[in-house]
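The values are calculated or read from the model by the stated rules, or taken from the named source; none is laboratory data. None of the values given here were measured: they were computed from a predicted structure. Cβ placement follows ideal geometry from the backbone for every residue including glycine, while neighbour counts extend to all protein chains displayed.
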Amino acid sequence: MRPQSVLSLLIAGLVIGLGVWLASPAAAERFFYLTGEENRVAQLRALWNLALDQTRPPLQLAPDADIQHLPDNPLGVNTFLEQEVEEAKRERSLQMIRDAGFAWIRQPFTWSDIEIHGKGDFEDRRNQPYRSAWDKYDNIVALAERYGLRIIARLGAPPAWAHAGYADLGEFGPPARFEDFADFVEVVARRYKGRVTHWQIWNEPNIFPEWGNQRANPEDYARLLCLAHARLKRVDANNVVIAAALAPTIAQDGGGYPGGGFDDLIFLQRMYQAGAGRCFDVAAAQGYGLFSGPYDRRLNPLQTNVARHVLMRDIMVRNGDAHKPIWLSEVNWNAVPNDPSIADLTRFGRVTPEQQARYVPMLFERARAEWPWVGVMSVWFFKRPGDAEKNQSWYYFRMLEPDFTPTPLWEAMKAYARSRRP
């Protein structure tokens with residue numbers, strides 16, 4: 001069929017859809033489940049985008065593939081337990097997470113907080129009395145075991161000594177010697193062998209500042225990942241290696257900073273070209289809703305939304321990885337108040353707490369119904385230890401306040417978890 005004919009059919013379909021939409025208030029709700037938009041004008045624009053999507057080549061998603069590493073309970077949550085000074089608060093957190101029906105925590109095992117002062121030095125001398133830097137991480141692992149929770153150990157954030165003699169890359173930049181990171185990975189994996197089995201290597205290396213004050217580099221990240229993979233498998237062949245969650249972005253400049261990024265789809269393809277396919281068991285993406293709802297079905301490489309990981313799945317299948325799942329490392333919508341004193345007020349989109357509480361369970365349910373390749377989905381995030389960041393928009397992704405006061409999202413996820421139980 002000629003392009004002009006296809007366009008004519010699209011326009012005709014859009015006109016018919018518009019007529020139905022205007023004639024029936026109930027149609028707006030139906031279109032929400034098609035577009036992820038609640039506003040009628042936004043729905044109309046999204047319908048046009050969906051029509052244009054049909055003119056693109058079909059995606060290769062292999063929905064019937066034998067996909068590995070798909071847990072029975074995919075409910076996860078991001079925690080910052082290493083920042084809780086009081087052991088009782090760590091325990092209360094994990095007990096609440098278990099009782100709410102979650103099965104996984106995505107927890108940082110922060111390199112700069114463990115091997116603090118020098119290579120092979122695992123004593124924390126930042127405050128008196130000196131103590132083992134392992135103490136709180138040992139406690140986190142023991143508590144997770146007590147409450148039957150699985151850990152996704154997020155590894156990254158080099159200590160200052162690992163940057164010595166290298167350009168100032170900032171807090172999150174990679175180490176001068178990638179082998180130093182690989183050594184750390186092996187040490188932590190040996191310490192928790194058989195107790196922690198899921199390891200995520202870095203976070204969002206395709207954007208600033210997660211790869212430091214430099215251009216994002218998929219080839220360098222692939223090399224770092226492969227070094228870590230080799231060490232983890234040497235410690236225990238059953239260790240599951242999770243690639244870094246790639247941040248959704250359409251930036252094309254290869255980085256630049258501050259605020260720069262490298263298109264996640266291009267980054268992933270270049271990782272494959274650099275040989276990274278043999279170095280991870282699970283791919284990872286971020287599942288932020290940003291500026292539309294959980295049922296946004298638009299699949300445009302030049303647009304970011306909650307379904308963007310579907311485009312990643314297409315790349316994986318084309319590179320022979322149909323058997324690998326995608327885990328969504330951070331999922332949520334931002335319930336930031338309309339307060340101009342809050343920095344980056346609309347950077348992550350903005351919804352009401354009530355919308356947030358509706359949307360997140362809807363996303364879990366959509367994944368169960370439509371995305372057979374999606375495994376663990378971890379809500380971003382449980383709570384912060386204090387409220388010093390209330391002037392930052394990202395603070396309002398939280399499920400609980402620092403004093404454990406629940407948000408509507410927490411109550412909604414508890415109800416959703418109960419509904420999933422047999």
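Overview of values
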read-out: Every residue from the stretch 271-299 that is farther than 25 Å from ARG234 by Cβ and either free of Cβ contacts under 8 Å to residues at least 60 places away in the same chain or among the acidic types (Asp, Glu) (or both); value: GLN273, ALA285, LEU290, PHE291, ASP296
read-out: Selection within the stretch 364-404 - of a type in the set (Lys, Arg) and either part of a loop (DSSP other than H, G, I, E, B) or in contact with a Phe, Trp or Tyr (Cβ under 8 Å, 6 or more places away or on another chain) (or both); value: ARG366, LYS383, ARG384, LYS390, ARG398
read-out: Pairs, first farther than 16 Å from GLU401 by Cβ in the stretch 72-84, second part of a helix (DSSP H, G or I), C-beta under 6 Å, six or more apart; value: LEU75/ALA417; LEU81/ARG90; LEU81/ILE140; GLU82/LYS136
read-out: Residue count for the stretch 255-273, restricted to those that are surrounded by 17 or more Cβ atoms within 10 Å (Cβ to Cβ) and at pLDDT below 95; value: 4
read-out: Test set (1) out of contact with any strand residue (DSSP E or B) (no Cβ under 6 Å at 6 or more places or on another chain); (2) assigned to a loop (DSSP other than H, G, I, E, B); (3) closer than 30 Å to GLU145 by Cβ - ALA176 fails condition number; value: (3)
read-out: Any chance SER329 is of a type in the set (Gly, Ala, Ser) and under 22 Å from ARG30 (Cα atoms); value: no
read-out: Residues located in the stretch 396-407, provided they are farther than 21 Å from LEU328 by Cβ and either of a type in the set (S, T, N, Q) or in contact (Cβ under 8 Å) with a residue 24 or more places away in the chain (or both); value: PHE404, THR405
read-out: Per-region count, the stretch 175-230, residues over 21 Å from the mean Cα position of the chain (by Cα) and within 20 Å of TRP134 (Cα to Cα); value: 15
read-out: Complete set of residues in the stretch 145-173 that are over 21 Å from ARG231 (Cβ atoms) and either part of a loop (DSSP other than H, G, I, E, B) or not assigned by TED's automatic domain parsing to the domain that holds SER378 (or both); value: TYR147, GLY148, LEU149, ALA164, GLY165, TYR166, ALA167, ASP168, LEU169, GLY170, GLU171
read-out: Lone qualifier among ARG318, ARG298, ARG308, ARG350 - being surrounded by fewer than 18 Cβ atoms within 10 Å (Cβ to Cβ) and not polar (S, T, N, Q); value: ARG318
read-out: The stretch 322-352 - residue that is of a type in the set (Ser, Thr, Tyr) and within 20 Å of the chain's Cα centre (by Cα) and, of those, modelled with the lowest pLDDT; value: THR346
read-out: Single match in ARG90, ARG131 (criterion: crowded, with 17+ Cβ neighbours inside 10 Å, over 21 Å from the mean Cα position of the chain (by Cα) and without any contact (Cβ under 8 Å) to a residue 60 or more places away in the chain); value: ARG90
read-out: Check on ASP121, farther than 30 Å from LEU70 by Cα, modelled with pLDDT of 95 or more and in a loop (DSSP other than H, G, I, E, B); value: yes
read-out: Within the stretch 300-331, tally of residues that are in a loop (DSSP other than H, G, I, E, B), out of contact with any His (no Cβ under 9 Å at 6 or more places or on another chain) and either free of Cβ contacts under 8 Å to residues at least 60 places away in the same chain or not β-branched (Val, Ile, Thr) (or both); value: 13
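Yes/no matrix, rows are residues, columns are (1) farther than 30 Å from ASN305 by Cβ; (2) touching a residue at least 40 places away in the same chain (Cβ under 8 Å); (3) in a loop (DSSP other than H, G, I, E, B):
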site: LYS193; (1), (2), (3): yes, yes, yes
site: TRP199; (1), (2), (3): no, yes, no
site: ASN203; (1), (2), (3): no, yes, yes
site: PRO209; (1), (2), (3): no, yes, yes
site: ALA222; (1), (2), (3): no, yes, no
site: LYS233; (1), (2), (3): yes, no, no
site: ILE250; (1), (2), (3): no, yes, yes
